[in-house]
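First comes the structure, then the notes that go with it.
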Amino acid sequence: MTDPGDRFSRQIRLQEVSAEGQEKLGRSVVEVRGRDGAEIERLYLERAGLGLVTVDADAEPPPFPHAAEFRHAETRKIAAGAGRALHTLRIVLGIEPQ
């Protein structure tokens, strides 16, 4: 089995993450809400090393402010999931407020 430090060594080197931040991510529990983009969001969060990611498909997801920029529904879903995942990571790391 791979050492978790090896798995996340690239993001640990980021000033915004660091080893301390990666530990925070590993201890965190978050909920992904909604359907559109939820699978992308969940995958990104799990791959970033979050401790537990649950999904509530019936809950209202947070708004995606850039939705109008994406003409195709599938691309919009991917962008929404990726954007929400990044926002969640920044909250967990204390980079931005909820």
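Which one is most open to solvent (accessible area, probe 1.4 Å) among residues in the range 14-43 that are touching a residue at least 60 places away in the same chain (Cβ under 8 Å) and of a type outside the set (Val, Ile, Thr)?
Going through the qualifying residues, I end up with Glu16.
Let me confirm something: among Gly83, Gly51, Gly94, which residue is at positive phi and either open to solvent by less than 80 Å² (accessible area, probe 1.4 Å) or of a type in the set (Asp, Glu) (or both)?
Of the residues listed, the single one that is at positive phi and either open to solvent by less than 80 Å² (accessible area, probe 1.4 Å) or of a type in the set (Asp, Glu) (or both) is Gly94.
Scan the range 56-98 residue by residue and report those that are among the β-branched types (Val, Ile, Thr), assigned to a helix (DSSP H, G or I) and over 19 Å from Arg35 (Cβ atoms).
Selection gives Ile91, Val92.
Among the candidates Ala48, Ala59, Ala85, Ala80, single out the residue that is over 27 Å from Ser9 (Cα atoms) and of a type in the set (Gly, Ala, Ser).
Going through Ala48, Ala59, Ala85, Ala80 in turn, the sole match is Ala59.
Considering only the range 79-86, I want to know if a residue exists there that is closer than 20 Å to Glu20 by Cβ and at pLDDT below 95.
yes
The values are calculated or read from the model by the stated rules, or taken from the named source; none is laboratory data. Since the structure is predicted, the reported quantities are computational estimates derived from the model, not experimental observations. Glycine also receives a Cβ, built like all others from the backbone with ideal geometry; neighbour counts cover every protein chain displayed. Surface accessibility is based on the protein's heavy atoms, side chains included, excluding ligands, DNA and RNA. Shrake-Rupley method; radii C 1.70, N 1.55, O 1.52, S 1.80 Å.
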